[in-house]
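Derivation of every value follows stated rules applied to the coordinates shown; laboratory data play no part. Bear in mind the structure is a predicted one, so any value in this text is a computation, not a measurement. Glycine gets a Cβ as well: all are built from the backbone with ideal geometry, and neighbour counts include every protein chain shown.
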């Protein structure tokens, strides 16, 4: 008898595998002097912005209807951040007629490829009005070092 895993575990595993494949393929293509385009479709219901600054990477994620204590952020490797959460359903009793229901509930997870190597040291997070911001410091190798000309 096979053990069945919850569907949320399957999508979390899928996101991690896809992020790892994108990262590895991107590294390979950079070796040929090419960069990969960013994926066009957001996945798993979490939309994000990723900005690279001189010494940090800022990830902003829209998580409307989610409570702060239900959010998990994990640095999978120096180039991949995972954001996961669960939006709980509030049960409504249907009294008459029918109603439209478009909002989704359940577990969501997104593996976010980062543009540079980062470290978990000095990470800062905030969650305001349904927007999660994660600020990650670049590693010294990612920032590079100025070489003086003699």
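Run the numbers for residue 126 and residue 60: contour at 0.36 nm per residue of separation, minus the present Cα-Cα distance, in nm. Don't jump to the answer; show the numbers that get you there.
Working: separation 66, 0.36 × 66 = 23.76 nm, distance 0.96 nm.
Difference between extended and current length: 22.8 nm.
What is the fewest-to-most order of 88, 22 by other Cβ atoms lying within 10 Å of their Cβ? List each step's numbers first, then the result.
Details: 88 11, 22 17.
Starting with the residue having the fewest Cβ neighbours, the order is 88, 22.
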